[in-house]
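To start, the structure itself, in structure tokens.
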Amino acid sequence: MRWATLAIRPAGGDEEATEVGKSESRRRIPVPGPVLQGLLAFLIYLGVFIWAFGQAVIQHLNVPVVGQNYVDPNFYIWAWRWWPYAVTHWTNPLYSYQIMAPQGVNLAWATTSPSAALFMWPVTAAWGSIVSFNVTLLLAPPASAWAAFVATRRLTGKFWAALPAGVIYGFNVYTLDHEISGQPNLTVNLLLPLMVYLAVAWWQDSLGRIGYVIWMMIAFALEFYTFLEAFAQLSLLMAVGFLIGFAVAGREYWRKVARLAVLTTIAYVGGLVLAGPYLRYALANYPTTLVRGEDHFSMDLSGLILPRVDRVWGPSWLHGAAGHDIAANSYLGLPLMIILIWLAIVSWSNRLVRLLVIIFVVIIALAAGPNLIVGGSHLFALPWGGLWTLPFFRSAEPVRLILFGYLVFSIILALWLARVTKTWLSRAVKWGLAALGLAVIFADLPTFASVVVPPAPHYQPAIKDLPQQNELPSFFSQGLYKDYISPGETVAILSHRGNAGMMFQAATDFYFRLPGGFINASLSRPDALPVPIASMSHITKIRVAQFEAYVHHDNIGAIVVEHAWSEDWMYVWREIGIKGVNVGGVTIYQLNNVRENG
């Protein structure tokens, strides 16, 4: 029996054991080949995702509807346009003078996800980066689910066992939380299960050494260019995984595990070579301010079995317990945890089961971060907590390792469903537990409908009868800005829409420059504004003088206020003698006199 084809033993003993991938009964319904099965699975995932979660987005593809009160969505709308712009204009894509002008800003440690941005380039070129960004959000979870399906289908040989496994990886609360937050760097996750597919194909002698190294090398490089933090975490878990693999393989498979480790290392080094230009630039410009030390960046262990507080049905004590959960984006639920424990008990003699269970436990331990947190309470410091003070890892969020946990668990679920069972009752229990597990997962998931309608403003709107709206002001959408702004002029955008300036800049194809912008919570202000402009929210003579000196020194040409997302202080410029013009849903204040006299 091969190690990775896996013999799953039924509870009754070894005589019923059989390799996963063989028929569970002699009567087998004919099914399409693997390629058609993969296509069918993707269409199922895509249809379910759009119907259950994405209707609010697909109905408004050309409108920035996702989380306009957050800064991240409009940063990625900008990034999806920035990479094609930088490539076609032969400018350094890792440094932009278009934002935080005139000095510009280093983008090496901003998660611009060049692999995804360039993949979506054709859509961006045809319909703009807003459409491209929305399409990315709609495709990312189904594509990740499909990739997990492909890997588990390759391992088990069973369509119906692999289909729910894809759901666990693609449609979990971690992914959906980041979807509605507009963070595709955290939701474009199909590469990780595709790496599993390559490893399984090599182990089963269906992929040669050269093919494995080449494809794995490309996958490593693409993952690096998608999200550097995930690549670093992958590096850590890959090393840990091979150590555990050696421990559970036994002498019979040591040599094969060693060959796989060597080939993977070669591919890893090759991936680093392909990522070399970016990596060298990033290391040469490593910021010391990248630190993630807060509790909500670590996993609360109770979050594995407690849903979000607004999704709890039951006794008041359960509702209270869920309310104390710090990070509610690692949910698996009790039915799936029962499957994990059950499979570990009945199939512990199987090497692959032991490998997966141990790796899952290690991932959970690492995702807990430097301290063990349960129900919002610190219990004690973890022995490996020092890991999160090291370079690279000190800027990472431990809880994000749960993505790897979902991948491992998707494989575990596929193996559970592919087990041979002796009676109809045991089959019913097997599938019933899996169905219940998926049901509680889906019950905990948010949808885009929760973020497409802007929430009640936390400020006093300047125009009381004008609600917040997602649509771009016609000043930008209809090109009116060209009558008031010169190409390349530096223009400040005032709006409570998150990171509005970068989104407007991308929509105008970088027609103007911004003196501010948001790229990262550690590297920029959350209001995306320069301090001399933001400080004018409470006007004083000193601040006015600082503002005028700033406008003169940095050559600021105009200030644009978006009416639908404005409050009173944003119009303070008229109090210092700067006249504004109302046009296309904005007020524009020309700063020529201030700039010349400052």
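The values are calculated or read from the model by the stated rules, or taken from the named source; none is laboratory data. Fair warning: this is a prediction, and the values are worked out from it, not measured in the lab. Don't worry about glycine lacking a Cβ; one is built from the backbone with ideal geometry, like all the others, and counts go over all protein chains shown. SASA here: full protein model, heavy atoms, side chains in, ligands and nucleic acids out. Shrake-Rupley method; radii C 1.70, N 1.55, O 1.52, S 1.80 Å.
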Q | Residue check, P142 open to solvent by less than 20 Å² (accessible area, probe 1.4 Å) and not small (G, A, S) | A | yes
Q) Out of all the residues in region 346-372, which are of a type in the set (S, T, Y) and either open to solvent by 10 Å² or more (accessible area, probe 1.4 Å) or touching a His at 6+ places or on another chain (Cβ under 6 Å) (or both)? A) S349
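Give the number of residues within region 546-570 that are open to solvent by less than 60 Å² (accessible area, probe 1.4 Å) and either farther than 20 Å from T490 by Cβ or touching a Cys at 6+ places or on another chain (Cβ under 9 Å) (or both).
6
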Q) Can you pull out the residues in region 99-108 that are in contact (Cβ under 8 Å) with a residue 12 or more places away in the chain and open to solvent by 30 Å² or more (accessible area, probe 1.4 Å)? A) M100, P102, N106
Q) Can you spot a residue in region 116-135 that is open to solvent by 30 Å² or more (accessible area, probe 1.4 Å), of a type in the set (A, V, I, L, M), in a helix (DSSP H, G or I) and within 30 Å of G557 (Cβ to Cβ)? A) yes
Q.
Need the failing condition index for F442 against (1) of a type in the set (A, V, I, L, M, F, W, C); (2) within 30 Å of S330 (Cβ to Cβ); (3) not in a helix (DSSP H, G or I), just the number.
A. (3)
**Q.** Single condition Y45 does not satisfy, out of (1) modelled with pLDDT of 90 or more; (2) farther than 26 Å from P141 by Cβ
**A.** (2)
Q: Please specify each residue of region 339-398 satisfying the condition of being in a strand (DSSP E or B), out of contact with any Gly (no Cβ under 7 Å at 6 or more places or on another chain) and not β-branched (V, I, T).
A: L372, S377, H378, L379, F380, A381
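Could you please find all residues in region 483-517 being charged (D, E, K, R) and closer than 18 Å to G580 by Cβ? Explain how you work it out, then say what you get.
So in region 483-517, the residues charged (D, E, K, R) come out as 483, 489, 497, 509, 513.
Answer for region 483-517, where residues must be charged (D, E, K, R) and closer than 18 Å to G580 by Cβ: D483, E489.
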(Q) Within region 51-80, take every residue that is part of a helix (DSSP H, G or I), in contact (Cβ under 8 Å) with a residue 40 or more places away in the chain and more than 19 Å from the chain's Cα centre (by Cα) and give me the one that is surrounded by the most Cβ atoms within 10 Å (Cβ to Cβ). (A) A56
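Results for (1) touching a residue at least 40 places away in the same chain (Cβ under 8 Å); (2) more than 18 Å from I588 (Cβ to Cβ); (3) open to solvent by 10 Å² or more (accessible area, probe 1.4 Å); (4) part of a helix (DSSP H, G or I), shown as yes or no for each residue.
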residue	(1), (2), (3), (4)
R497	yes, no, no, no
M503	yes, no, no, yes
A506	yes, yes, no, yes
Y511	no, no, yes, no
P515	yes, no, yes, no
N520	yes, yes, yes, no
L523	yes, yes, yes, no
D527	no, yes, yes, no
I533	yes, no, no, yes
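Among the residues in region 474-485, are any assigned to a loop (DSSP other than H, G, I, E, B), open to solvent by less than 30 Å² (accessible area, probe 1.4 Å) and assigned by the TED database to the domain that holds W565? Even if it seems obvious, please write down each step before you answer.
Step one: of region 474-485, the residues assigned to a loop (DSSP other than H, G, I, E, B) are 478-479, 484-485.
Subsequent filtering for residues that are open to solvent by less than 30 Å² (accessible area, probe 1.4 Å) retains 479, 485.
Keeping just the survivors that are assigned by the TED database to the domain that holds W565 gives 479, 485.
Within region 474-485, one or more residues are assigned to a loop (DSSP other than H, G, I, E, B), open to solvent by less than 30 Å² (accessible area, probe 1.4 Å) and assigned by the TED database to the domain that holds W565.
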Q: Determine whether N189 is buried (at least 23 other Cβ atoms within 10 Å of the Cβ), out of contact with any Cys (no Cβ under 9 Å at 6 or more places or on another chain) and not in a helix (DSSP H, G or I).
A: yes
Q.
Step by step: first the residues of region 571-581, then only those that are of a type outside the set (F, W, Y) and under 15 Å from V544 (Cβ atoms), then the one that is most open to solvent (accessible area, probe 1.4 Å). Which residue is that?
A. R574
